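> Quick one: the structure is below, and I'll ask about it shortly.
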Amino acid sequence: MDLKHVKDYIYWLYYQYLLITCSYVLEPWERSMFHTITVTVLAMVVYTAYVFVPIHVRLALEFFSQIFGGQTESTI
């Protein structure tokens, strides 16, 4: 693929994003605020998933391994 096709595809994806979120009808300053809030919320969701999901998965695995007869840790 040449650079023009990649550029056109990125513009097409951005246009689809504008259509889906209906932000193409916003004024430029409203659109920038909308994009800022959207990126901020998305970044917080990704960070929270990165920090807390592995902890909960590990705790769930420990819980289910104890229920289904896994070896418990020695008390010594």
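The values are calculated or read from the model by the stated rules, or taken from the named source; none is laboratory data. Remember, predicted model here, so these are calculated numbers, not experimental data. Because the Cβ atoms are built from the backbone with ideal geometry, glycine has one as well, and the counts that use them run over all protein chains shown. To get the accessible areas, we keep the full protein, side chains included, count just its heavy atoms, and leave off ligands, DNA and RNA. Shrake-Rupley method; radii C 1.70, N 1.55, O 1.52, S 1.80 Å.
> Using a 1.4 Å probe, what is the accessible area per residue for segment 3-69, in Å²? Walk me through the intermediate numbers first.
On the way: 5990 Å² over 67 residues.
So segment 3-69 comes to 89 Å² accessible per residue, rounded to a whole number.
> On to the next question. Which percent of the accessible heavy-atom area of segment 3-69 goes to carbon and sulfur, probe 1.4 angstrom? If you can, show how the numbers build up before the last one.
Working: 4560 of 5990 Å².
Exposed carbon and sulfur together represent 76 percent of the surface.
> Next question. Mind checking the dipole of the chain: about its Cα centre, +1 per Lys or Arg Cβ, -1 per Asp or Glu Cβ, Debye to the nearest 20?
Numbers: 4 positive and 6 negative charges, 22 e Å.
The calculation lands at about 100 debye.
> Val46 to Tyr15: FRET efficiency via 1/(1 + (r/R0)^6), r the Cβ-Cβ distance, R0 25 Å, to the nearest 0.05? Provide the component values of the computation, followed by the final result.
Numbers: r = 24 Å, r/R0 = 0.97.
That pair, Val46 with Tyr15, gives E of 0.55.
> A follow-up question, please. Can you tell which of Thr48, Ser65, Val6 lies farthest toward the positive end of the dipole of the chain, using +1 and -1 charges on the Cβ of basic and acidic side chains (Lys, Arg; Asp, Glu)?
Val6
> If you line up the long axis of helix 3-21 against the longest principal axis of the chain, both from Cα atoms, how many degrees apart are they, to the nearest 10?
80 degrees
> Oh, and also: Compute, for Ile20, the solvent-accessible surface of its heavy atoms (probe 1.4 Å) with the complete set of protein chains present, and express it in square angstrom to the nearest 10.
For Ile20, the solvent-accessible surface is approximately 140 Å².
> So how much accessible area does Asp2 have, in Å² to the nearest 10, using a 1.4 Å probe?
80 Å²
> Kirkwood hydrodynamic radius, computed over distinct alpha-carbon pairs, for the chain: how many Å, to one decimal?
Details: mean 1/r = 0.0589 Å⁻¹.
Final number for the Kirkwood radius of the chain is 17.0 Å.
> Using only the alpha-carbon atoms, how far is helix 28-67 inclined from the longest principal axis of the chain? Give it as 0 to 90 degrees, nearest 10.
20 degrees
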